[in-house]
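All remarks here apply to the structure that follows.
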Amino acid sequence: MCPLDCPDACGLVVRVEGGIVTQVRGDPDHPFTKGFICAKMGHYPDLINSPARILTPLKRTGPKGAGQFAPITWEEAVSEIVARWSGIIAASGAEAILPYSYGGVMGLVQRNAGHPFFHRLGASRLKRTICSPASTAGWQMVMGNSLGTDPEAVVHADLVVLWGIDAVATNLHFASRVREAQRRGARVILIEAYKSRTAALADQLVLVRPGTDAALALGVMHVLAGEDLLDAAFIDRHVLGFQELRANVLPAFTPTRVEELTGVPADTIRQLARDYGRASSPFIRIGHGLSRHEQGGMSVRAIACLPALVGAYATEGGGAFLGTGTGMAFVMERVTRPDLLARPTREINMVQLGRALTEAMEPPVQSLYVYHSNPAAVVPEQNLVLSGLSREGLFTVVHERFMTDTARYADIILPATFSVEQHDLYGSYGHFYVQRTRPVVAPPATAKSNWQAFTLLARALGWNEEPFLRSEEEMVDELLARETPFLEGIDREALSLGRAVRLNIGHLKTPPFQTASGRIEMYAADGANCGLPVLPAYQANQDPEWERVYPFCLLTTPANYSLNSSFAQMATLGAREGGPRVLLNSEDCLAQGFADGEYLEVYNHRGSCLLRAVADDAVPPGVAVIPGVWWLKDLPVGRNVNSLVGDDLTDMGEGSTFYAYRVNLRRLQP
Ligand SMILES: Nc1nc2c(c(=O)[nH]1)N[C@H]1C(S)=C(S)[C@@H](COP(=O)(O)OP(=O)(O)OC[C@H]3O[C@@H](n4cnc5c(=O)[nH]c(N)nc54)[C@H](O)[C@@H]3O)O[C@H]1N2
Ligand SMILES: Nc1nc2c(c(=O)[nH]1)N[C@H]1C(S)=C(S)[C@@H](COP(=O)(O)OP(=O)(O)OC[C@H]3O[C@@H](n4cnc5c(=O)[nH]c(N)nc54)[C@H](O)[C@@H]3O)O[C@H]1N2
Ligand SMILES: [Mo]
């Protein structure tokens, strides 16, 4: 299984020769990913066998961030950590310690390995919000726990709308099914903020002003209602609150007004609505990109209403899909052990790490334990994050495989394993298969998995609660032993042999929809309690003065040849990507006197970074696209795009707003 944070969750065939991984290819027997993988994972052996791999615990010998370390043993590392933490706990309490982890490994055991440990310790809890809580919350307000349309069914659709997703880069195997739908006659529409790679797959590209998708969706609904393109019978039986939406919200979203808000021509909005309303089984794939805006939750909420208006869920291949949480198939509390938390400790939002490390708090964060994440590179407000990580008084432990930008700031570095060296159980957020993995090679003698590192620390602390006495393999067994409706009747033998097995999702078949009312809910009676509008809405949110100072919308898009900061250290892949760069419309380049290929300073009041300018008319005027999360150490002045990105939270789910910021650019002084 591929361990990366990617919806495809590919099946792999790993060739091992003489105890060494020599080749990684796609597993032709994997039902969803069918034998092909991305360019990144084709290079997995280069990472596993990299000479840059950290092979021993390290202790800092130079100033913070300088990357100067001396080797120590695991015993020394563990006793240092235990001693420092004991001091901090005695003086300030365990909430002064903050775990920090995200998506380096997606397996259910390794990914969550720190939860029982930090619950038992009584540390601060991390709200893991950097990726998709806004889109999830927006979806759930309308659809509850409904899974949406199976992505495999897209081949039956006659219209596919890729809404804010660069599927060719970020959801490759879904994109191949969209091509299949196209071969069978489907039209494909991409709704994007710039002409991404995925535009090559689409029959039509609709460019929307970043952050305004809710208005566009409401405009489409206005036309559907006005031109009687509704499925009245479906609405009657399966929708709650459409009449309220129609009476109170839709009248204001005329195509003319929506054009002003979104930049999409009124005629295009009308045509989009007609195409959507007349299709027999339209499928909308909702991306997370469009939710990383101030009103990102609302964007997804509004889009999630669309299929209900035309009764798309009643047809094969029709409906919408945001993601699947196959983790819910298992009793995850067996791993995460919330019961080990003696009392609810404070929660810190991971998006606001910079604030947490630099602002006054009671108690202040005095220790950070980072595992399978690279916050120095991937988190917004980078200048704040780095000044926090530079604090002499912050005791930082980083469990890693490479000297990442974050590891450079560590006091102690612990060497980590690769997925091919550890046990785990994987779900996916882009399909419905689960898969068990066992190690195919032995790790280097000194490297430990997340689970192993935490059990070692727990034993050093003298704990003997159940999870700390068990191996990672036993934890996988434990997850598989607990019956849930998703596991009923599945092929357990195939699962234990390491095959991808489809979960049983029959109990979530719709209708009824998995909401309180059993219907698709456009009206959210309890919305008002959480400060949210009871009906989908859109607030115009432009500040002309701000737009004058920072004329460019910044899009920090996923790169094709790296995944967040993973693989971004590989020169071969970086070169194929085109290197660190900022893409600008050629008219903007001309107007500003920027030459194609010259270095520019991209800046705002948060920070700045230096990037090579590339004139590219895939980018609309007034937009700057910076693909990829490059390593700081490889960039001039040691800052990447996240020095330009703020840490405001979304309207729902307290999520990240990576795409919501503005910048200006200037030529470098000689
Ligand atoms: N190659 C590669 N694959 C990846 C990743 C990667 O970094 N590289 N990241 C992985 C991760 S962690 C995730 S969460 C997933 C999903 O990755 P996401 O970050 O959710 O990316 P996408 O869903 O593809 O959506 C990104 C697209 O949204 C567009 N966009 C931005 N703002 C708006 C807007 O306001 N409206 C509209 N309509 N579009 C907008 C951007 O231009 C961009 O092309 O991909 C995973 N797969
Ligand atoms: N500008 C900008 N920034 C972004 C985004 C964006 O679109 N634009 N996308 C955001 C999104 S969607 C996400 S999900 C986050 C992701 O951010 P992160 O989850 O921090 O992802 P990575 O940068 O891939 O870093 C993962 C690290 O985990 C390490 N690792 C891998 N496996 C293991 C393991 O088994 N054990 C241990 N201990 N370490 C391991 C890898 O070596 C790697 O350094 O980034 C966000 N940052
Ligand atoms: Mo993500």
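No value in this document is a laboratory result; all are computed from the given coordinates. The shown structure was predicted, so the numbers you read here are calculated from the model rather than taken from an experiment. Don't worry about glycine lacking a Cβ; one is built from the backbone with ideal geometry, like all the others, and counts go over all protein chains shown.
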Legend entry - Violating pairs (Cα-Cα greater than 29 angstrom) within the set 127/195; 40/509; 40/448; 448/633: 127/195; 40/509
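Given 4 °C and 1.567 mPa s, how large is the Stokes-Einstein diffusion coefficient of the chain in µm²/s, with Rh as the Kirkwood radius over Cα pairs?
Values: Rh = 25.9 Å.
Once the numbers are plugged in, D ends up at 50 µm²/s.
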Legend entry - Amide H contacts under 5 Å for residue 264, placed H, 5+ residues apart: 209
Legend entry - Integer Hz, Karplus 6.51/-1.76/1.60 couplings in order for the stretch 290-295, x for Gly and Pro: 5, 8, 8, 9, 3, 9
Legend entry - Packing-based ranking, highest mean first, of 425-435, 342-352 given that Cβ atoms within 10 Å are counted: 425-435, 342-352
Inset, instruction - Could you work out how far the C-alpha centroid of the stretch 173-224 sits from that of the stretch 351-394, in angstrom? - result: 38
Inset, instruction - Name the long-range amide H neighbours of residue 161: under 5 Å, sequence gap of 5 or more, or other chain; modelled H, no Pro or chain starts. - result: 189, 283, 284, 285
Inset, instruction - Please list, in chain and number order, the residues 5+ apart from residue 100 or on another chain whose amide H is under 5 Å from its amide H, with Hs placed from the backbone. - result: 369, 370, 371
Legend entry - Which of 658, 283 has the fewest Cβ neighbours within 10 Å, and the rest in rising order: 658, 283
Inset, instruction - Using only alpha carbons, build the gyration tensor for the stretch 544-667 and give me the equivalent ellipsoid semi-axes, biggest first, whole Å. - result: 21, 20, 13
Inset, instruction - Please figure out what share of the DSSP beta bridges in the chain is antiparallel and state it in percent, rounded to the nearest 5. - result: 40
Inset, instruction - May I ask you to derive the relative contact order of the stretch 544-667, considering only C-alpha pairs under 8 Å and at least 6 residues apart, and to give it as an integer percent? - result: 36
Inset, instruction - Treat every Asp and Glu Cβ in the chain as -1 and every Lys and Arg Cβ as +1, leave all other atoms uncharged, and give the resulting dipole magnitude about the Cα centre to the nearest 20 debye. - result: 820
Legend entry - Under the Karplus curve 6.51 cos²θ - 1.76 cosθ + 1.60, θ = phi - 60°, whole-Hz ³J(HN,Hα) for the stretch 90-99, x wherever Gly or Pro sits: 4, 7, 10, x, 5, 5, 6, 9, 10, x
Inset, instruction - Give the cross-link partners of residue 59 among the aspartates and glutamates, using a straight C-alpha distance below 12 Å as the criterion and excluding same-chain residues fewer than 8 apart. - result: 76, 80, 411
Inset, instruction - List, in order, the whole-Hz ³J(HN,Hα) value for each residue of the stretch 167-175 obtained from phi through the Karplus relation with A = 6.51, B = -1.76, C = 1.60 and θ = phi - 60°; use x for Gly and Pro. - result: 4, 4, 8, 10, 7, 3, 7, 6, 4
Inset, instruction - Give me the percent of DSSP beta bridges within the stretch 371-487 that run antiparallel, rounded to the nearest 5. - result: 35
Inset, instruction - Express as a percent, rounded to the nearest 5, the fraction of DSSP beta bridges in the stretch 544-667 (both residues included) that run antiparallel. - result: 65
Inset, instruction - Starting from the Cα of residue 488, step 7 Å along the direction of its Cβ; do the same at residue 68; then give the gap between the two resulting points in nm. - result: 6.4
Inset, instruction - On a C-alpha basis, how far is the centre of the stretch 78-125 from the centre of the stretch 524-573 in Å? Whole number, if you could? - result: 30
Inset, instruction - Using a 10 Å cut-off on Cβ atoms, rank the peptides 515-524, 364-373 from the highest mean neighbour count down. - result: 364-373, 515-524
Inset, instruction - Calculate the spin-label point distance for residue 204 paired with residue 587, positioning each point 7 Å from the Cα along the beta-carbon direction, and give it in nanometres. - result: 2.3
